[in-house]
Amino acid sequence: MPLINVHDKSFDIYISEEILQQRIKELAAEINKDYSGKRPLFIAILNGSFMFASDLFKNLSIEAELCFIKLASYKGMKSSGNVVTSIGLEDDLFGKEVIIVEDIVDTGKTLHNFLPKLIHQQPKSMKIATLLHKSEATEFSLKLDYVGFDIPNKFVVGYGLDYDGLGRNLKEIYQVV
Ligand code: IMP
């Protein structure tokens, strides 16, 4: 497989479309089992999680709701980690079974800063599903309930994840060379 270029960097394929889809089916099966008879609300964090949220949701057989919210920014190849606020959270979370859907947990700062705002609304339960986890880079302790892949601390793009705005459309995950 040839290298691809996004802006000034070269990237090599890291997780194929087939392996991604297989793993997402496994995560959905776990969630179907864990939430049998319940009706969770998935809160997917934009922009990066749109593809993962969509494929995960397609593989659910339980009743479930989905909303997308937007948090603060991530510029270039270094996580800024400053969560300013969320836009688009119209649902009242009181008494709900919430599952946060993230593309990647890197330092963990984004979720660490944001979760208290959700917990404040007293959901019945709150779990986190993330497609990727850079566990070596995680500095803020978080309980990640559903993790697609634990990956090394190297920058990745594709399948919703970007490098300065580009690369989100790729069907696979690519790692910087
Ligand atoms: P954290 O706050 O450091 O956990 O960063 C989380 C956010 O940083 C993710 O939701 C992504 O938007 C972004 N991010 C972290 N690592 C990468 C990467 O390797 N590629 C693209 N975006 C990333």
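Along region 7-17 the Karplus relation, 6.51 cos²θ - 1.76 cosθ + 1.60 evaluated at θ = phi - 60°, assigns HN-Hα couplings of 6, 8, 10, 9, 10, 10, 5, 10, 10, 6, 4 Hz to successive residues, with x for each Gly and Pro.
For the options Ile45, Ile87, Ile15, a Gaussian network treatment of the chain with springs between C-alpha atoms closer than 10 Å singles out Ile87 as fluctuating the most.
Determine, from the Cβ-Cβ distance of Phe57 and Glu136 and an R0 of 41 Å, the FRET efficiency 1/(1 + (r/R0)^6), rounded to the nearest 0.05.
Details: r = 29 Å, r/R0 = 0.72.
About 0.90, to the nearest 0.05.
Considering only DSSP beta bridges where both residues belong to the chain, give the percentage that are antiparallel (nearest 5). So the antiparallel bridges in the chain amount to around 35 percent. 3J(HN,Hα) along region 29-46, derived from phi through the Karplus expression 6.51 cos²θ - 1.76 cosθ + 1.60 where θ = phi - 60°, amounts to 5, 4, 5, 4, 6, 5, 10, 4, x, 10, 9, x, 9, 8, 10, 9, 9, 7 Hz, with x in place of Gly and Pro.
Would you mind calculating the gained length between Lys33 and Asp91 on full extension (0.36 nm times residue separation, minus the Cα-Cα distance), in nm to one decimal? Walk me through the numbers before you get to the answer.
Working: separation 58, 0.36 × 58 = 20.88 nm, distance 2.44 nm.
Result for the pair: 18.4 nm of gain on full extension.
Over the chain, what lengths in whole Å, largest first, do the semi-axes of the equivalent ellipsoid take, defined as the square roots of 5 times the eigenvalues of the alpha-carbon gyration tensor? Don't skip to the answer; put the middle values down first.
Numbers: eigenvalues 141, 73, 36 Å².
Working through the eigenvalues yields semi-axes of 27, 19, 13 Å.
Here each label is just a point 7 Å from Cα along the line to Cβ, and for Lys25 and Asn153 those points are 3.5 nm apart. Ordering Val101, Ser54, Gln121 by Cα displacement along the dipole of the chain toward the positive end leaves Gln121 in first place; charges were set at the Cβ atoms of Lys, Arg (+1) and Asp, Glu (-1).
Ranked by the mean number of other Cβ atoms within 10 Å of their residues, highest first, the peptides 118-128, 96-106 come out as 96-106, 118-128.
Which residues' amide hydrogens lie under 5 Å from the amide hydrogen of Asp164, considering only partners 5 or more residues apart or on another chain, with H built in the peptide plane? For Asp164, whose amide H was placed from the backbone, the distant partners under 5 Å are Gly76. Between Leu46 and Ile69, Lys70, Leu71, the built amide H atoms are under 5 Å apart, and every one of these is 5 or more places off in sequence or on another chain.
The calculated Kirkwood hydrodynamic radius for region 92-159 is 12.6 Å, given to one decimal from all distinct C-alpha pairs.
Taking the chain as a Gaussian network of alpha-carbon nodes connected by springs under 10 Å, the highest mean-square fluctuation of the residues Gly37, Gly160, Gly48 belongs to Gly37.
Put the Cα centre of region 1-75 next to the Cα centre of region 102-148 and the gap is 14 Å.
Using the Karplus relation 6.51 cos²θ - 1.76 cosθ + 1.60 with θ = phi - 60°, the per-residue 3J(HN,Hα) values for region 118-130 come to 7, 4, 3, 7, 6, x, 5, 8, 9, 10, 10, 10, 10 Hz, with x marking Gly and Pro. Scanning residues 5 or more positions from Glu97 or on other chains, those with amide H under 5 Å from its amide H are Leu41, Lys124, Ser125, with H placed 1.01 Å from N in the peptide plane.
Bear in mind these aren't lab numbers, they're just calculated from the coordinates by the rules spelled out. Bear in mind that the values here come from a model prediction, so they are computed numbers and not experimental data. Quick reminder, even Gly has a Cβ in these numbers, built from the backbone with ideal geometry, and neighbours come from all protein chains shown.
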